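Scroll down for the structure; my scribbles are underneath it.
Readers should treat all values here as calculations from the given coordinates under stated rules, not as data from a laboratory. What you are looking at is a predicted structure, and each value in this text was computed from that prediction instead of being measured. Glycine gets a Cβ as well: all are built from the backbone with ideal geometry, and neighbour counts include every protein chain shown.
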Amino acid sequence: MSTTIQAVRGMNDVLPEEARVWLDFEARVQAWLERYGYHNIRMPLVEPTQLFRRAIGEATDIVEKEMYSWRDELNGEDLTLRPEGTASCVRAAIEHNLLYEGPKRLWYAGPMYRHERPQKGRYRQFYQYGAEALGYPGPDVDAELIVMCARLWRELGLEGIRLELNTIGSPDERARYRTDLVRHLETNVDRLDADAKRRMYSNPLRVLDSKNALVQQALSGAPTLTDYLGEASLAHFADLRRLLASAGVEYVINPRLVRGLDYYNLTVFEWVSDALGAQGTVCGGGRYDGLFAQIGGKPTPAAGFAMGVERLIALLQQVRGAPRPGPHAYVVFQGSGTLEYAFTLADELRAAGFAVVQHAGGGSFKSQMKKADASGAKLALIVGEDELAAGEVTAKPLRTAQPQQRVPRGVLARRLSEFLQDG
C-alpha cells in the first residue's frame, strides 16, 4: 500500500475558510500601499546565492543555517530560494536602472523560505508584504514607513501592537562599538550560551537581542551603542522622533534592537505584539543606505519594512474571527428543462456583476436548499417547471425574514440589487 503524500514540514496549505481572511487582508493591504504612492514590483523566487551572502551577511543565522540553496549543475550556478525580499528588490532596481528618473516607492508580496524549526508563527515557507523607499536619504521617509504601519493597524482594528525603535548609526560607528562590545563579552564568556559564544566574534551585535536571561544578565554592564554615535546619526534619530511625535505615534526605544540582517544602518524598528507568544514581531524594518553599493550598484539611500502575513492573520482571527462572506445568490433548480434555464441565468447575473453559485451534482430540492443555506448566500434563486414556463425566478432571502417573490427574468438583475440592499 502506498503511503499518503503530505506537505513538506513547515510549508502549509491555506484552506478555503482561512483563505477568505487572507483575501480580505491582501485587498486592504494593497489598497493601503497604493494610497501612500507605493507601486508593485514582482521578483523571482530563486536568486543567485551570492546576492544574499553579500546583502544579508555571511555571519548571520539566515546565511549560515537557514537558506535553501543548491548547485544548478546544468548552468553551473549556486541558487537560493529567497529568504527575504529587500535584497531581491534592490537587485532588480540596479539591474533595470529603476532609479534613473528619480527615487521610487515599491512594494512586493509573496512567499519567502527559511529552513527553521517550524512552530506557531514561524514556518519554512512564509508570506511577507514588503515596502521599499529607494533613493530617499532623510528621516522623513523613515517616519513615513512607521506612520503608515500605524495607520494599517488602526484600519485593521488591531490593538496592542507596540513600536520598538532604535538607531544603530553608521558602519564606522558600529565598528568602534563592536570592538568594545566584544571585549565586554570576553570578560563574561562564562554566562554566554552556545549561540552567543558563536556570534561573539562573527556578529556580536546579534548577542544584544538574545532571549536567554543569563545572556541578558551578562549584557547588563555592556557599553551602549548610542554613546558611540556621531552628530549626524544622532540628528537623524532626533528628527525621526520629532516626526513620530507630530504624528502621534508612540514608541519605546529599545537600545538592544539591531535586527538580524547586516545591511541596516541608522533607523531600525519592529512592531511587536504580546498576543502571539514567542513569535511576537509582526513587522520590522529600517534604513539600509549601504545595500546598493554592497551588491554592485551606485551608493543609494534606502529604507523599508516587511510584515509577516501569517502572524497578522493570526491577530486578525483573534480580533474578528474568520469572516464568512458568501455569494450574492445560489441557484437551485428542479424539473425537466430547468438546468439549461438555470445555467444561462447564473451566467447573466455574473455578467451583471453578481457573485452567483449554481448548484451542481443533482439532488432533491430540499438538499439543494440546504447547500444554498450552507454556502452563505443571501438569496436562493429557485427555478422550477412553473418558473421555467413563466420566464420567471423565485427569489428567496436566506438571511432575513423577507418573503420570497417571483420575479420576471428580464428585471431580475435590477431586483436582485434591491433584495441585497434590503437584506
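At a glance:
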read-out	value
Whole-Å distance, taken between Cα centres, linking the range 137-161 and the range 31-65	21
Equivalent ellipsoid semi-axes - Cα gyration tensor, the range 50-172, angstrom	27, 22, 15
Net charge of Cβ neighbours under 11 Å - reference residue 163; Lys, Arg +1; Asp, Glu -1	-2
Within straight-line cross-link reach of residue 366, aspartates and glutamates at Cα separation under 19 Å, skipping those fewer than 8 residues along the same chain	385, 386, 387
Net +/- balance of residues flanking residue 285 in space, Cβ distance below 14 Å, scoring K and R +1, D and E -1	-4
Residue-wise HN-Hα coupling along the range 2-16, computed from phi with Karplus coefficients 6.51, -1.76, 1.60 (Hz; x: Gly, Pro)	6, 7, 6, 8, 10, 4, 4, 4, x, 10, 9, 6, 10, 7, x
Gain on full stretching of the segment that runs from residue 298 to residue 117 - 0.36 nm per residue minus C-alpha separation	61.4 nm
Extension gain, residue 399 back to residue 31 (0.36 nm per residue minus Cα-Cα distance, nm)	129.5 nm
Two-site label geometry, residue 366 and residue 6: point separation in nm, points 7 Å out along Cα→Cβ	4.0
Mean Cβ neighbour count within 10 Å, used as a protection proxy, ranking 163-169, 181-187 highest first	163-169, 181-187
Rounded Å value of the spacing that divides the Cα centres of the range 371-405 and the range 91-107	53
Spatially proximal lysines relative to residue 370 (Cα-Cα < 17 Å; intrachain offsets below 8 disregarded)	378, 396
The range 224-273: GluC sites (Glu not before Pro) in DSSP loop, at most 13 other beta carbons within 10 Å	250
Filtered GluC sites (Glu not before Pro), the range 303-393: DSSP coil and at most 13 other beta carbons within 10 Å	none
Cβ-placed point charges (K, R +1; D, E -1), dipole of the chain about Cα centre in debye, nearest 20	680
Largest to smallest principal axis extent of the C-alpha atoms in the range 329-422, angstrom	32, 27, 24
Relative contact order of the chain, pairs being alpha-carbon contacts under 8 Å that are 6 or more residues apart, as %	15
Spin-label model distance (nm) - residue 319 vs residue 275, 7 Å beyond Cα toward Cβ	0.6
Label-to-label distance, nm, for residues given as residue 96 and residue 184 (7 Å Cα→Cβ offset)	4.4
Magnitude of the charge dipole, the range 239-395, Cβ model with Lys/Arg +1 and Asp/Glu -1, debye to 20	800
Proximal lysines relative to residue 197, as straight alpha-carbon distance under 29 Å, when same-chain residues fewer than 8 apart are discounted	65, 120, 211
Lys/Arg +1, Asp/Glu -1 at C-beta; the range 113-253 dipole; positive extreme among 138, 229, 201	201
Linear extension gain, residue 224 paired with residue 352, 0.36 nm per residue minus alpha-carbon span	39.7 nm
